[in-house]
Ligand code: HAM
């Protein structure tokens with residue numbers, strides 16, 4: 001992730017080739033720092049996410065980064081890439097086996113059940129923006145630590161309206177952060193009843209095909225996974241596989257039809273993809289992924305997961321949701337004009353000269369804080385001219401110059417940075433004077 005992973009040269013210099021990697025520690029493979037230069041963009045995206053969540057009445061939830069590993073084995077599914085290959089698992093001194101969460105839907109449902117959230121008015125609409133961890137092969141758009149924004153609608157009825165709403169809420173978020181040319185791919189993978197028939201048809205078909213070694217094993221345990229395999233040999237036989245849409249029972253067919261009608265109602269474009277199955281086992285009926293043109297990694301994905309609560313040992317609880325990978329989104333929108341030149345409010349610049357003034361400067365900063373007036377300071381050993389230069393660079397309207405003489409006389413010099421005119425002001429009156437001038 002070249003852009004996000006910019007290195008800060010240590011002591012203002014870049015390590016030489018000879019010093020190489022051994023000179024400094026590197027972040028773990030596939031994990032990145034969000035550096036100061038990138039934070040304004042991240043903040044903006046968080047703000048848009050919060051506004052969207054608030055508009056559609058989602059409340060924030062945060063779950064622990066670590067969860068019992070069985071939560072994911074049972075929830076996400078034993079025969080999935082996430083559980084088989086991608087979890088970071090650790091054993092505590094007490095012998096508990098925990099996993100760094102590879103996704104947040106199962107933890108949210110765990111919390112919903114454990115904390116009695118089903119007693120609140122249903123359905124409960126929850127959202128989160130948090131890091132997740134997957135031990136994948138790092139490459140562009142695929143990291144080992146990344147941030148997900150997720151929306152979950154849990155409880156109430158298995159109403160197709162909520163399937164549509166989880167697509168709409170994410171689509172609007174992506175539009176608002178300026179992702180262009182969005183495409184929604186959607187499918188229904190049916191319910192426990194109709195999936196039995198489909199499984200049989202899939203097995204019959206794939207038994208006659210040549211597939212990769214992983215898929216030969218999956219054919220026994222989880223044949224739907226074959227449709228998700230990225231192996232070239234498996235990809236060539238997929239287009240002729242039976243379509244699940246031909247196997248849906250009447251109830252699932254009607255459910256899916258209604259989801260699509262709701263999307264039509266708000267003019268949200270989508271295309272049917274009968275081979276979309278998703279890589280997690282908790283889904284039933286609607287599944288979907290959202291892409292931007294020219295990019296084959298999904299920016300967001302989700303679906304209905306009515307069986308998840310039951311898989312975790314509780315009673316059936318209808319639910320649907322979606323999550324987006326924020327790093328993938330940022331890489332696409334980082335050059336959009338809205339993320340360039342993000343101006344911060346100009347601040348008064350406090351310049352100090354000498355050690356005596358340093359202490360007094362600290363208490364002066366507190367005076368400004370009480371009045372909620374932002375102030376910029378360096379409090380380092382820079383010369384007066386270097387500090388003035390800095391004040392000009394950050395476009396401070398006023399610089400306060402605090403020298404030894406002023407400190408003894410309980411005064412401070414107030415300099416208008418535009419005209420260069422300076423005057424001495426009593427220290428006790430400086431906050432009010434600055435306030436008056438800025439007004
Ligand atoms: P997921 O498809 O595994 O679904 O991940 C959701 C999104 O996370 C993806 O669409 C993608 O944008 C991003 N993502 C996945 N893996 C990576 C990676 N290695 N690096 C960067 N971004 C990645 C889930 O996690 C489900 N919990 C979604 C959901 C919520 N379903 C219902 N509610």
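Couple of notes before you dig in:
- Of everything in the range 188-220 that is in contact with a strand residue (DSSP E or B) (Cβ under 7 Å, 6 or more places away or on another chain) and in a loop (DSSP other than H, G, I, E, B), the residue that is farthest from residue 243 (Cα to Cα) is 191.
- Matching option when the condition is more than 26 Å from residue 44 (Cβ to Cβ), out of contact with any helix residue (DSSP H, G or I) (no Cβ under 6 Å at 6 or more places or on another chain) and at pLDDT below 90, among 358, 345: 358
- Scanning the range 229-238 for residues that are assigned to a helix (DSSP H, G or I) and without any contact (Cβ under 8 Å) to a residue 12 or more places away in the chain yields 232, 235, 236.
- Candidate set: the range 205-253, residues that are more than 17 Å from residue 277 (Cβ to Cβ) and modelled with pLDDT of 95 or more; chosen: the one nearest to the chain's Cα centre (by Cα): 253
- Selection status of residue 242, surrounded by fewer than 18 Cβ atoms within 10 Å (Cβ to Cβ) and either over 25 Å from residue 322 (Cβ atoms) or free of Cβ contacts under 8 Å to residues at least 60 places away in the same chain (or both): yes
- Residue 185 fulfils the conditions (1) under 19 Å from residue 239 (Cα atoms); (2) in contact (Cβ under 8 Å) with a residue 60 or more places away in the chain; (3) more than 12 Å from the ligand (Cβ to nearest atom) except for a single criterion, (3).
- Looking at the range 290-409, the strands (runs of 3 or more DSSP E) lying wholly inside it that each contain 2 or more residues that are in contact (Cβ under 8 Å) with a residue 60 or more places away in the chain, within 16 Å of the ligand (Cβ to nearest atom) and surrounded by 13 or more Cβ atoms within 10 Å (Cβ to Cβ) sit at 300-304, 319-325.
- Within the span defined as the range 77-91, one or more residues are touching a strand residue (DSSP E or B) at 6+ places or on another chain (Cβ under 8 Å), without any contact (Cβ under 8 Å) to a residue 60 or more places away in the chain and within 14 Å of the ligand (Cβ to nearest atom).
- Residues in the range 133-163 that are part of a helix (DSSP H, G or I) and either more than 14 Å from the ligand (Cβ to nearest atom) or surrounded by fewer than 22 Cβ atoms within 10 Å (Cβ to Cβ) (or both): 160, 161.
- Selection count, the range 183-192, where residues are within 27 Å of residue 124 (Cβ to Cβ) and surrounded by fewer than 18 Cβ atoms within 10 Å (Cβ to Cβ): 1
- The condition (being at pLDDT 95 or above, more than 25 Å from residue 317 (Cβ to Cβ) and crowded, with 16+ Cβ neighbours inside 10 Å) is satisfied by just one residue among 202, 174: 174.
- Residue check, residue 122 more than 12 Å from the ligand (Cβ to nearest atom), surrounded by 20 or more Cβ atoms within 10 Å (Cβ to Cβ) and under 25 Å from residue 49 (Cβ atoms): no
The values are calculated or read from the model by the stated rules, or taken from the named source; none is laboratory data. Note that the structure is predicted; figures quoted are calculated from it, not measured. Note: ideal-geometry Cβ built from the backbone for every residue, glycine included; neighbour counts use all protein chains shown.
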